[in-house]
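Here, each number is a calculation from the coordinates, and none is a lab measurement. It should be emphasised that the depicted structure is a prediction, and the values quoted were computed from it without experimental measurement. Virtual Cβ from ideal backbone geometry, glycine too; neighbours counted across all protein chains shown.
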Amino acid sequence: MKITIESTTKIVKANGIDCRIWEGATAAGVKVQCLIPRIAVLPGEDTSEFERELKEQRAPSTEAQAFPLRMIL
């Protein structure tokens, strides 16, 4: 499965860990939301573009207000 996601400004707690909500869609167009606690670039990669783009955030959609417990691993 492939998904494309974008960072939002919304941060929520999941299992006691702060996670940023990322929103996007699968290749088939199914909308998804991801709770991302950490993200890193592999050693040896140029991080300048990544760090610049990581600062870009948009407001979350209205669906990003709460996650059912069954959706949190």
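The table that follows gives values for the structure above.
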| item | result |
| --- | --- |
| Highest to lowest packing among 40-50, 26-36, scored as the average C-beta count within 10 Å | 26-36, 40-50 |
| Net length gained if the chain between D18 and R52 were fully extended (0.36 nm per residue, minus Cα distance) | 10.1 nm |
| Proximal charge balance of I11 [Cβ under 13 Å; K/R count +1, D/E count -1] | +3 |
| Spacing of the two label points (7 Å from each Cα toward its C-beta) at T4 and A59, in nm | 2.3 nm |
| Least to most buried among S61, S7 (fewest other Cβ within 10 Å first) | S61, S7 |
